[in-house]
Amino acid sequence: MIETALLGHGLPSLTNDYILREWRHSTSIALVWLENGRITFGNIKEFLQLRGNPDMERIDASNLSVAIRERVSGYMTAAAVMRVAAQTGNFIVVTAGMGGIRGKILSNDLVTLSQMPIVLVASSPKDTLDLPATLGYLRGQGVCLIGNGTDQCNGFLFIKESFPLDGVYCGQKVEELIKNGPCLILNPLPLCLRFTDGTILANATAQGEAAARQMRQFHPAVNAALDRLTGGKASILQLRSLMDNIDLALSLH
């Protein structure tokens, strides 16, 4: 099951036609969103019909129940999809850059993952987050942390300091991965594709913090700034990371 908050709110310069051209997966792959309070599973073509709708909100695990009750429509974060997945017997959820710890703020991605018998496939915690604190929280909650082809985590769209994971993914299927609890598989973007200019990240982070002070969403504001500051390349990389992670998730069955 694939979260839709990134596709819905996080790739501002990518058109629907571009996403559809680049989408290399079967139309049977299930994306998840909320439509008038109804949990909806659909393919990429069906989802793109709703993309850009200004009435679509950002649905997280913390507001999912209220959104259903109040018949809200919105794109769902990884945390919200994990809640749905655990209820439907689907144990694999896919995102690109995942949530984490930023200052005193703890993402629902971390809390929900630690509570669910789920495999979350992500590239890395987002670059605006405290990476060692994020990994430390998950490890302390009993989440198994493994990397695809690496036992280190060193950033998402940017190259950051490396921090150790618990091991390397060795081809296990989902049943084996979750037999002892939740599992996070990190599938990093190649270093040669990532940005090295830290001023871009600092500028985007500052714009996200300004948005948060105005009671707007932090991560969509950061993504919009990254998109603008990199001439759209950040959005292209995030779309690639999502599709790479779908490929990995399909191999877990």
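Among residues of region 119-139 that are free of Cβ contacts under 8 Å to residues at least 24 places away in the same chain and over 14 Å from Glu161 (Cβ atoms), none has a beta-carbon under 7 Å from a residue that is of a type in the set (Val, Ile, Thr) and assigned to a helix (DSSP H, G or I) at least six positions away or on a different chain. Of the candidates Thr40, Thr77, the single residue that is of a type in the set (Ser, Thr, Tyr) and under 19 Å from Leu184 (Cα atoms) is Thr77.
In the condition set (1) out of contact with any Pro (no Cβ under 8 Å at 6 or more places or on another chain); (2) touching a residue at least 12 places away in the same chain (Cβ under 8 Å); (3) of a type in the set (A, V, I, L, M), Ile178 is compliant with all but (1).
Residues that are touching a Leu at 6+ places or on another chain (Cβ under 6 Å) and buried (at least 16 other Cβ atoms within 10 Å of the Cβ) do occur in region 204-216, at least one of them. For region 73-88, a residue qualifies if it is out of contact with any strand residue (DSSP E or B) (no Cβ under 6 Å at 6 or more places or on another chain), surrounded by 15 or more Cβ atoms within 10 Å (Cβ to Cβ) and more than 11 Å from Ile118 (Cβ to Cβ), and exactly one does: Thr77.
I'd like the full set of residues that are within 14 Å of Leu20 (Cα to Cα) and touching a residue at least 12 places away in the same chain (Cβ under 8 Å), limited to region 47-59.
The answer is Phe47, Leu48, Leu50, Arg51.
For Asn180, indicate whether it is polar (S, T, N, Q), modelled with pLDDT under 95 and out of contact with any helix residue (DSSP H, G or I) (no Cβ under 8 Å at 6 or more places or on another chain). Here the answer is yes, as Asn180 does meet what is asked.
Counting residues that are over 13 Å from the mean Cα position of the chain (by Cα) and exposed (fewer than 15 other Cβ atoms within 10 Å of the Cβ), which helices (runs of 4 or more DSSP H) fully inside region 97-201 reach at least 2? So that I can check it myself, show each step before the final result.
Working: elements: 108-115, 131-140, 174-177.
Ranges flagged: 131-140, 174-177.
Can Asn16 be described as touching a residue at least 60 places away in the same chain (Cβ under 8 Å), farther than 14 Å from Thr112 by Cβ, open to solvent by less than 60 Å² (accessible area, probe 1.4 Å) and of a type in the set (S, T, N, Q)? Give the steps one after another, and end with the answer.
Working: touching a residue at least 60 places away in the same chain (Cβ under 8 Å): no; farther than 14 Å from Thr112 by Cβ: yes; open to solvent by less than 60 Å² (accessible area, probe 1.4 Å): yes; of a type in the set (S, T, N, Q): yes.
No, not satisfied.
Region 2-82 holds strands (runs of 3 or more DSSP E) entirely within its bounds, and those carrying 1 or more residues that are over 17 Å from the mean Cα position of the chain (by Cα) map to 31-35, 38-42.
Checking the conditions here, which among Glu70, Glu35, Glu46, Glu3 is among the acidic types (Asp, Glu) and within 21 Å of Asp244 (Cβ to Cβ)?
None of the other options fit; the residue is Glu3.
Checking region 41-60 against the condition returns a match, with at least one residue being under 30 Å from Ala204 (Cα atoms), surrounded by fewer than 23 Cβ atoms within 10 Å (Cβ to Cβ) and out of contact with any helix residue (DSSP H, G or I) (no Cβ under 9 Å at 6 or more places or on another chain). Take Leu248 and tell me if it is within 16 Å of the chain's Cα centre (by Cα), modelled with pLDDT of 95 or more and open to solvent by less than 30 Å² (accessible area, probe 1.4 Å). Answer is yes for this residue.
The values are calculated or read from the model by the stated rules, or taken from the named source; none is laboratory data. Just so we're clear, the structure is a prediction, and the values are computed from it rather than from any experiment. Glycine gets a Cβ as well: all are built from the backbone with ideal geometry, and neighbour counts include every protein chain shown. Areas reflect the complete protein model, heavy atoms only, side chains present, ligands, DNA and RNA absent. Shrake-Rupley method; radii C 1.70, N 1.55, O 1.52, S 1.80 Å.
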